[in-house]
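Undergrad: One structure coming up, written as structure tokens, with questions to follow.
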Amino acid sequence: MNELRIDRNLARWIALGLGFVGALVMGGALVLSSGKFDNQWSYIGLAVTILGAAGFILLDPRALMKTATGRSGQYALTSVVMSICFVAFVAVMYWIVWKVNPAPTDLTALKKYQLSQKTIDLLAGLKEDVHATGFFNNQELSSQNEADLWLRQYKQYSNGKFTYEFIDPDRNPLAAKDARSGTIVFSKGEQKATASVVDEQNLTNSLVRVLTGKARKAYLITGHGELSTEDVGGQGLGQISQVLGNANVTLTSLNLLEKKSVPDDADLIIVAGPKSQFAPSEVDAISAYLDKGKAAMFMFDPGSGGGALSFGVVSADINVDGSKIVTGGSDGTARLWDGSGKEVATLRGHTAVVNDVVFSPDGKQVATASFDNTIRIWNASTGEQVTQLKGTINNIQRIAYSPDGKYLASVGADQTANVWDVSNNYTPMSYSPIKLTVPLLTVAFSPDGATLALSGGGTASGAQGSQTTIFLRETATGKELLTKALPTNSIVAMAFSADGKTLTNATFDGTLGTFDVSTGETKSQTLYSAETAVSGFGILADGKLVFALGDGTIHIHAPDATSTDGDTVLKEHTGRIWTLRVSADGKSFVTASKDGTARVWEVGQTASALQLTGHEAADKLMSYLKDKWGITVDDDVVIDLPSAEQVGSPVIPVTFLPTQYDQSSPITQPLAQAHPMKQVVFQTARSISTDQAPPTNVTLSKLVNTNGSQGASWGETNPPSNGQIQPSDYDPATDKPGPVALAVSGENATTKARIVVFGDSDFATDTLLQNTTSGNADLIVNAINWLSAKEDIINLPTTNVGVRTIDKPLQGPESVLLLVVSWCCLPGGIGLGGAVVWFVRRQRR
Amino acid sequence: MQTIGRSLHNLWVIFSHEFSLFFVSPVVYIVGAGWMFVGSIAFSYFFSQFNQGFSEPNMTNTVGFLSTFVLLFTAPALTMRLVSEEINSGTHELLFTAPVRDWEVVVGKWLAAWGVFTVFVLLTGLYGLFLLWRGNPDPGLLIANYLGLWLLAGAMLAVGVFASSLTKYQVVAFMVGVFLLFLLSYLNILGFIVPNQTLTDVVNQLTLRTHQDKLIQQGVIDWADVTYFVGIMSIFMFLATQILGSRRWRS
């Protein structure tokens, strides 16, 4: 006993001495690190100090007791001090275990968290320091735990070369400034690579990418109204360059019309939502580039609602004597033709659909308006651009010169009109722009040019409305002459009478209206129905009225006829007519159609005088994808009714089931297997079809598909103009039955080229990328990783084969039985047991 | 060696006495029936999800529900009587003269409560067997689920015993126990309120439930978590011993 006491006493003092040494180490470390408590020596010092002090007190509590005075006080003091020491002791023990971080024990049957040999070899061979930072917020602790289980083992096998930490982006926004929550960023010096899905496959490949170090180069194709990286925070791609930056990809713009070919250093080109067609030379450049075994990502938006890849010829005008014709196409060009139908010049410059074209009254200049939000003036003889106009130019619908040639006016669906002074070098009039109260679709000048009429209706997105307003302004001053609201459908076209006293107008749903310019008195007459969708209207020299209808027919209508039975019907166009314009003398008119042609008609003739074909009706890029890859980008809008139940709109497909992903593709497999499954949200999208028998050596896979089967999702080829899609709109004859693919990847085994085609570009815009719960960013990063770093990718064996399910599900009555047994019998049995025990004990008493 | 043997003997005597005492009082049956009832509601809800193929069958969600909510009440309900009753009836004076040490009394009582709870956990094991019968859950994950529940229960019961040692009133002991458990379980909310990385890290480490996540969600034993649970048990056992011992010199 005595011996033991001595030993204990000795141990106490050794402990105190250790504690003292620990304090010295900690003090020294603090001095060396200029007071920052952030290095391991200060931690170790603190630990040894606490352990030493605790040992000193705990080894002989009575010695301490002696120092306190009063019996109770002694006990209390001892008790408190001992408790503090004990808690500190336990805390330090825990901290040591936590810091040492022993290998976890995996209880799962398939050892899900066991590193594969490939990863272990990679880690053992690490020569440079690699650091990983996991960004997880408080709601993502489960993912963080999972990441911790993996990264801990990475660290363990790396001989100290690999370190990692976790940062909560909500708590520490500064440190997480360009990282998305839920991702792990690997860094080696300046090199970075991001894993957005926590599993071994993704983590190891991010490690490989950061080790190979070479920043990959992606080119963003421009010149067709594509999305831009400069547009941050809404409908642009500002966020994507950040996402790519974290994946070690740099993004540069590339205009193929200027550069002629894709630079050799390109690993990837991205075509993000073009709004006009590609020139043949551009498609040749892309084809040559891909044949070198490179990669490309395409995103195409549906043709409806502004974007256009198959709109054909959109606009046309004819000069006073019919010797010159101009057309504007969805290929982004305007073309000049002579009276014999020969193309004289191609006006290149616009980057989107050329929505309207007009000759100046003297025929010397041409004005063109485009969805690229520019209006340009060209020399009508040479085809050279003269100037580009300044003003509030958004969603321009129509432009018009005044008959005296002094003014040019534009109207837009943004409810704004502009008027320019032509003689004064196209400077805007002092009152321009004019802000009005309805989306403007049409503009007309009175014959003397003194009065400007503006009208339209409906919504900014182009859907028709059931009320409209006609505005009359004095051209010289902008003074308001008359404003008249009308309870009719949108006015799509109007024309002044020769005396300028009445304004005749046509509505979208086929009503002909006459409007007294001085009194505002209106008369209207219904000629056609809403289904006919009137798109153009004019007054011919013989006083007859000409209408262009949605089915591609032209109706010549006698002004005094009350029915349309006597109409002369000209049927040559096979697609919707976008523009109908009558020449200044009223003796001829020109029409532009979706069928890819423009036609010139003489009054009194029943066949067209000229057919103008030259605009690229079908996009060469599309035919390239079809011929070389077997991929068709369908001209439709994807409708997904199950998604509508979740997000409220059938045209926003959202993935809800893992089976909607291709679970064998490295692009979508991680999304399907994430817990919870990562959802991808597409804004209005078009479907992508794959050939049954793709070209030789090409392998295609449908990455993302719509929910539901036939009738629940489909590719709608003829969406109603008001945008209100009903389940009954599905037409098996013309629509593409679901499930339809929204994204397709393709690989050519011979050339090693890879492409991914998306039926949407909005899914990559900032609004959807910033939503951290969606998998949109993951989809893009995975696609880019697959496209551009194929030689680096390590394919790990998938261990978690076999899906765990209830293979004998409960049916009807069995479920009820489960409820009865578990809710009543089990608790009831326990309660009964209690009652029996209570009763027996009562009996015994 | 002899002292250790004696301590073990004392622990066994106290444990078996207290364990059998549990089953003659109605409390354990009421708590047990409640535990099974709420557990069954949770299980049948989650089972309907498995049944329709919405998620993989396992006990993760049921155990998570029991741990985040039900345990907070059942643990103090089981332990409230343990020390309070001795103090109230004055029998703790006898303990002081008996040849047992304070810590043996406290730990023995706590082990008895944990033993009762082991029975509870085994009863919920019926759900696991049911899953194995109707489907193919990962048996390793099932074991991890129950291990997580069992470890957390042990730590929570230690807190309950500590609460019971504070007062002679069982109701007060219950309320203090529930309060302490809520505090320890939801401590990490502090990290939501104050935006500071270090504070977030520290409170996450201190919070009871976060140490259960890897076990019940991933099916992996992180030995730091086990150390944490053992640490919590020993701290509250130590504190309860100190409180009980203080009655010796306070009176």
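Undergrad: Within the set of pairs 6 or more residues apart or between chains, which connect a residue that is under 20 Å from residue A:585 (Cβ atoms) inside the stretch A:488-512 to a residue that is of a type in the set (D, E, K, R) and assigned to a loop (DSSP other than H, G, I, E, B) with Cβ atoms less than 8 Å apart?
TA: A:500/A:448
Undergrad: Here is a further query. Condition first: part of a loop (DSSP other than H, G, I, E, B) and at pLDDT 85 or above. Now tell me which residues in the stretch A:637-664 satisfy that.
TA: A:662
Undergrad: Separate question: Identify, please: which residue in the stretch B:16-36 is assigned to a helix (DSSP H, G or I) and touching a Lys or Arg at 6+ places or on another chain (Cβ under 8 Å) and is, among those, surrounded by the fewest Cβ atoms within 10 Å (Cβ to Cβ)?
TA: B:27
Undergrad: Taking the condition buried (at least 21 other Cβ atoms within 10 Å of the Cβ), in contact (Cβ under 8 Å) with a residue 40 or more places away in the chain and under 31 Å from the mean Cα position of the chain (by Cα), does residue A:366 pass?
TA: Answer is no for this residue.
Quick grid of which residues meet (1) crowded, with 19+ Cβ neighbours inside 10 Å; (2) within 10 Å of chain B (Cβ to nearest Cβ); (3) under 17 Å from residue A:674 (Cα atoms):
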| residue | (1), (2), (3) |
| --- | --- |
| A:100 | no, yes, no |
| A:103 | no, yes, no |
| A:108 | yes, yes, no |
| A:113 | yes, yes, yes |
| A:119 | yes, no, no |
| A:122 | yes, no, no |
| A:127 | no, no, no |
| A:131 | no, no, no |
| A:135 | yes, no, yes |
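Undergrad: With the structure loaded, tell me whether residue B:25 is at pLDDT below 90 and touching a helix residue (DSSP H, G or I) at 6+ places or on another chain (Cβ under 9 Å) or whether it fails that test.
TA: In short, yes.
Undergrad: Could you look through the stretch B:105-132, keep only residues that are farther than 16 Å from residue A:826 by Cβ and within 13 Å of chain A (Cβ to nearest Cβ), and pick out the one that is modelled with the highest pLDDT?
TA: Filtering the stretch B:105-132 for residues that are farther than 16 Å from residue A:826 by Cβ and within 13 Å of chain A (Cβ to nearest Cβ), the one modelled with the highest pLDDT comes out as B:116.
Undergrad: Tell me whether the stretch A:395-404 contains one or more residues that are more than 19 Å from residue A:492 (Cα to Cα) and part of a loop (DSSP other than H, G, I, E, B).
TA: Scanning the stretch A:395-404, I find at least one residue that is more than 19 Å from residue A:492 (Cα to Cα) and part of a loop (DSSP other than H, G, I, E, B), so the answer is yes.
Undergrad: Suppose we filter A:246, A:205 for residues that are within 25 Å of residue A:679 (Cα to Cα) and at pLDDT below 70; which single one remains?
TA: Working: A:205 fails: at pLDDT below 70.
The unique qualifying residue is A:246.
Undergrad: Would you mind stating whether residue B:97 is away from every other protein chain (no Cβ under 14 Å), free of Cβ contacts under 8 Å to residues at least 24 places away in the same chain and surrounded by fewer than 22 Cβ atoms within 10 Å (Cβ to Cβ)?
TA: Yes: the conditions hold for residue B:97.
Undergrad: For the stretch A:149-191, what are the residues that are under 22 Å from residue B:211 (Cβ atoms), of a type in the set (Lys, Arg) and touching a helix residue (DSSP H, G or I) at 6+ places or on another chain (Cβ under 7 Å)?
TA: Matches in the stretch A:149-191: A:171 only.
Undergrad: Then there's this: Would you mind finding the one in A:572, A:531, A:521, A:602 that is under 20 Å from residue A:455 (Cβ atoms) and free of Cβ contacts under 8 Å to residues at least 40 places away in the same chain?
TA: On the way: A:572 fails: under 20 Å from residue A:455 (Cβ atoms); A:531 fails: under 20 Å from residue A:455 (Cβ atoms); A:602 fails: under 20 Å from residue A:455 (Cβ atoms).
Step by step, each of A:572, A:531, A:521, A:602 is checked, and only A:521 is under 20 Å from residue A:455 (Cβ atoms) and free of Cβ contacts under 8 Å to residues at least 40 places away in the same chain.
Undergrad: Another one. Out of the residues in the stretch B:48-64 meeting the condition of being free of Cβ contacts under 8 Å to residues at least 24 places away in the same chain and either in a helix (DSSP H, G or I) or within 26 Å of residue B:179 (Cα to Cα) (or both), tell me which one is farthest from the other protein chains (Cβ to nearest Cβ).
TA: B:61
Undergrad: Enumerate the strands (runs of 3 or more DSSP E) found wholly within the stretch A:140-202, keeping only those where 1 or more residues are among the charged types (D, E, K, R), under 26 Å from residue A:216 (Cβ atoms) and touching a residue at least 60 places away in the same chain (Cβ under 8 Å).
TA: A:183-188
Undergrad: Then there is this: List the pairs whose first member sits in the stretch B:139-152 and is away from every other protein chain (no Cβ under 11 Å), whose second member is surrounded by 24 or more Cβ atoms within 10 Å (Cβ to Cβ) and modelled with pLDDT under 95, and whose Cβ atoms are under 6 Å apart, counting only residues at least 6 apart or on separate chains?
TA: B:149/B:63; B:152/B:212
Undergrad: Just to be sure I understand, how many residues within the stretch B:196-218 are facing chain A (nearest Cβ under 7 Å) and over 20 Å from the mean Cα position of the chain (by Cα)?
TA: Selection size over the stretch B:196-218: 4.
Undergrad: Another question, if that's okay. Quick test for you: out of A:580, A:540, pick the one residue that is within 19 Å of residue A:326 (Cβ to Cβ), in contact (Cβ under 8 Å) with a residue 60 or more places away in the chain and surrounded by 18 or more Cβ atoms within 10 Å (Cβ to Cβ).
TA: A:580
Undergrad: From the list A:759, A:834, exactly one residue is more than 14 Å from chain B (Cβ to nearest Cβ), at pLDDT 70 or above and over 27 Å from residue A:206 (Cβ atoms). Which is it? Spell out the reasoning first.
TA: Working: A:834 fails: more than 14 Å from chain B (Cβ to nearest Cβ).
Unique residue meeting the criteria: A:759.
Undergrad: If you go through the stretch A:320-374 one residue at a time, how many are over 16 Å from residue A:277 (Cα atoms), not basic (Lys, Arg) and not in a loop (DSSP other than H, G, I, E, B)?
TA: 17
Undergrad: Give B:190, B:244 a once-over and let me know the one that is more than 10 Å from every other protein chain (Cβ to nearest Cβ), surrounded by fewer than 20 Cβ atoms within 10 Å (Cβ to Cβ), part of a helix (DSSP H, G or I) and in contact with a helix residue (DSSP H, G or I) (Cβ under 6 Å, 6 or more places away or on another chain).
TA: Testing whether each residue is more than 10 Å from every other protein chain (Cβ to nearest Cβ), surrounded by fewer than 20 Cβ atoms within 10 Å (Cβ to Cβ), part of a helix (DSSP H, G or I) and in contact with a helix residue (DSSP H, G or I) (Cβ under 6 Å, 6 or more places away or on another chain) leaves just B:190.
Undergrad: May I ask you to list the residues in the stretch B:197-230 that are over 15 Å from residue A:99 (Cα atoms), outside any helix (DSSP H, G or I) and without any contact (Cβ under 8 Å) to a residue 24 or more places away in the chain?
TA: Matches in the stretch B:197-230: B:207 only.
Undergrad: Residue A:440 passes all but one of (1) surrounded by fewer than 20 Cβ atoms within 10 Å (Cβ to Cβ); (2) within 20 Å of residue A:496 (Cα to Cα); (3) touching a Leu at 6+ places or on another chain (Cβ under 9 Å); which number fails?
TA: The single condition residue A:440 does not satisfy is (1).
Undergrad: Would you check if there is a residue in the stretch B:231-241 being of a type in the set (Ser, Thr, Tyr) and more than 7 Å from chain A (Cβ to nearest Cβ)?
TA: Looking for residues that are of a type in the set (Ser, Thr, Tyr) and more than 7 Å from chain A (Cβ to nearest Cβ), one finds at least one in the stretch B:231-241, hence yes.
Undergrad: Looking at residue B:75, is it crowded, with 23+ Cβ neighbours inside 10 Å and in a helix (DSSP H, G or I)? Steps first, please.
TA: Values: crowded, with 23+ Cβ neighbours inside 10 Å: yes; in a helix (DSSP H, G or I): yes.
Criteria met by residue B:75.
Undergrad: Here are some residues: A:474, A:531. Which one is among the charged types (D, E, K, R) and more than 34 Å from the chain's Cα centre (by Cα)?
TA: Residue meeting the stated conditions: A:474.
Undergrad: Does residue A:766 meet the test of being modelled with pLDDT under 85 and more than 14 Å from every other protein chain (Cβ to nearest Cβ)? Please lay out each step first, then the result.
TA: Values: modelled with pLDDT under 85: yes; more than 14 Å from every other protein chain (Cβ to nearest Cβ): yes.
Yes.
Undergrad: For the stretch A:151-178, give me each residue that is among the aromatic types (Phe, Trp, Tyr) and more than 10 Å from every other protein chain (Cβ to nearest Cβ).
TA: Listed by number, the residues that qualify are A:154, A:157, A:162, A:164.
Undergrad: With the requirement that a residue be under 19 Å from the mean Cα position of the chain (by Cα), in a loop (DSSP other than H, G, I, E, B) and not β-branched (Val, Ile, Thr), what does the stretch A:677-706 give you? Spell out the reasoning first.
TA: Pass one, the stretch A:677-706, residues under 19 Å from the mean Cα position of the chain (by Cα): A:678-688, A:702-706.
Next cut, in a loop (DSSP other than H, G, I, E, B) only: A:678, A:680, A:682-687, A:706.
Within the stretch A:677-706, A:678, A:682, A:683, A:685, A:686, A:687 meet the criteria.
The values are calculated or read from the model by the stated rules, or taken from the named source; none is laboratory data. Predicted model, so just to flag it, every value in this text is computed and none were measured. Don't worry about glycine lacking a Cβ; one is built from the backbone with ideal geometry, like all the others, and counts go over all protein chains shown.
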